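Please read the structure below before turning to the comments.
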Amino acid sequence: MAETLSHPMLPHPYVIRQVRKETPDTFTLELEPDDGHHHPAFAPGQFNMLYLFGVGEIPISISGDPTRPLPLVHTTRAVGVVTNAMRALKRGQALGVRGPFGTHWPVEKAEGQDVLIVAGGIGLAPLRPAMYAILAQREKFGKVVLLYGARTPSDILFRRQLEQWRAQFDLEVYVSVDRATGAWRGNVGVVTKLIPKAPFDPRNTVAFVCGPEVMMRFTVAELEKRGVLSRQIFVSMERNMKCGIGWCGHCQFGPAFVCKDGPVFPYTEVKELMTRWEI
Ligand SMILES: Cc1cc2nc3c(=O)[nH]c(=O)nc-3n(C[C@H](O)[C@H](O)[C@H](O)COP(=O)(O)OP(=O)(O)OC[C@H]3O[C@@H](n4cnc5c(N)ncnc54)[C@H](O)[C@@H]3O)c2cc1C
Ligand code: FES
């Protein structure tokens, strides 16, 4: 029986303890196991398969603090059938959880070096656990720089947390919006525009990048222009998934399966594939 329960294709029931609206189309769910299931520790960048009963199952990154695995935190942008149905869920309702799966942001590789985190839109959610992990052992890293781009000021994710981080003396946080609205007096333009002036040493920096693929391609190009070594850059890829554990081939990306060889890849491994569409 215990074996059946731990089967990687079997979702565990989790109950929603809190629902938080982050932006007009993004929400965070805090979940706790409903069957005494012990959610394994997760590493920054890993994802769970979330199953909305009768609707479907989708991969969503864990956006919480890896040093505090429960409640399990997921931040989702409503874009289609499952994510919109998930947005309608209320506190006390249940969904299924399988995971955690996939590779992680190699925070340990950045020890002794500067860390640059570049996020676009919902891409900040999979990177937030990396920020938590770095801040939990801040003394091990050089400069820590976060560059974040959102479409408009109202689309800025985790706004209060970004403000708190920006107020810290040992962090550099820069935010830019594509389109300024309302009282916004901050940076305007795509996130890549922040790279030339960002305060890190390009020869001694590990970069973690997550956002739409086009944003990641331009970000990597700008980082290389500044002298960051390709092998020091890591990106997180998204592909449609079914099994999440390397069985079905649904997430194939060239020779790799994004669910098990990714989602976090060294840029050097996906460089060629990222220049081609529809892989
Ligand atoms: C490893 C991994 C981690 C992920 N982590 C997160 C996360 O933390 N938060 C999050 O919000 N999403 C995340 N995603 C994306 C998420 O899985 C998809 O948005 C979700 O599967 C869409 O399902 P749906 O049924 O709502 O949309 P569908 O009904 O399948 O799609 C509806 C429409 O939305 C489009 N669409 C689908 N996915 C996206 C997308 N990502 N962006 C824009 N348009 C899209 C489709 O092309 C289609 O036109 C992750 C994906 C992967 C592979
Ligand atoms: S989702 Fe099945 S192999 Fe990746």
TODO: Would you kindly find the accessible area of F141, with a 1.4 Å probe and non-protein molecules such as ligands, DNA and RNA excluded, rounding to the nearest 10 Å²?
DONE: 20
TODO: Would you kindly state the longest site-free stretch of the chain, with sites defined as GluC sites (Glu not before Pro) in a DSSP loop (not H, G, I, E, B) surrounded by at most 16 other Cβ atoms within 10 Å?
DONE: 112-277
Open item on the list: With the crude spin-label approximation of a point 7 Å out along Cα→Cβ, what separation in nm comes out for R185 versus E213?
Closed with: 4.1
TODO: Evaluate the Debye formula for the chain with equal point scatterers sitting on the alpha carbons, no solvent, and hand back log10 of I(q)/I(0) at q = 0.11, 0.15 Å⁻¹, in q order, two decimals.
DONE: -0.62, -1.17
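Test of understanding: given the chain, find the longest segment containing no trypsin sites (Lys or Arg not before Pro) that are in a DSSP loop and have at most 10 other Cβ atoms within 10 Å.
91-184
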Task: Per-residue [θ]222 nm for the chain (sum of -39500 (n - 2.57) over DSSP H runs n ≥ 4, rounded to 500) - done: -5500 deg cm²/dmol
Open item on the list: Checking understanding here: applying a Kyte-Doolittle mean of at least -1.0 and a length along the axis of at least 15 Å (C-alpha), which whole DSSP H helices in the chain pass?
Closed with: 124-136, 213-226
Open item on the list: About the Cα centre, and with charges only on the beta carbon of Lys, Arg (+1) and Asp, Glu (-1), how big is the dipole of the chain? Nearest 20 debye, please.
Closed with: 700
Open item on the list: Looking at the chain only, what percent of DSSP beta bridges run antiparallel? Nearest 5 please.
Closed with: 60
Task: Backbone N under 18 Å from the D65 label point (7 Å along Cα→Cβ), restricted to the stretch 127-157 - done: 127-140
Open item on the list: Give me the percent relative contact order of the chain, please, defined on Cα pairs under 8 angstrom at least 6 residues apart.
Closed with: 17
TODO: Mind checking the per residue accessible area of the stretch 127-279 for me, 1.4 Å probe, whole number of Å²?
DONE: 50
Open item on the list: Let me check against my output: what whole-number percent is the relative contact order of the stretch 121-179, with C-alpha pairs under 8 Å and at least 6 apart?
Closed with: 40
- [ ] Would you mind telling me the antiparallel percentage of the DSSP bridges in the stretch 7-152, rounded to 5?
- [x] 85
Task: Taking the stretch 159-212 and dividing mean pair separation by its residue count, relative contact order in percent (alpha carbons under 8 Å, at least six apart) - done: 22
Task: Stretchable slack from T268 to R91, in nm (0.36 nm times residue separation minus alpha-carbon distance) - done: 59.5 nm
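The values are calculated or read from the model by the stated rules, or taken from the named source; none is laboratory data. Owing to the predicted nature of the structure, the values given are computational and were not obtained by experimental measurement. Quick reminder, even Gly has a Cβ in these numbers, built from the backbone with ideal geometry, and neighbours come from all protein chains shown. Note: areas computed on protein heavy atoms with side chains; ligands, DNA, RNA excluded. Shrake-Rupley method; radii C 1.70, N 1.55, O 1.52, S 1.80 Å.
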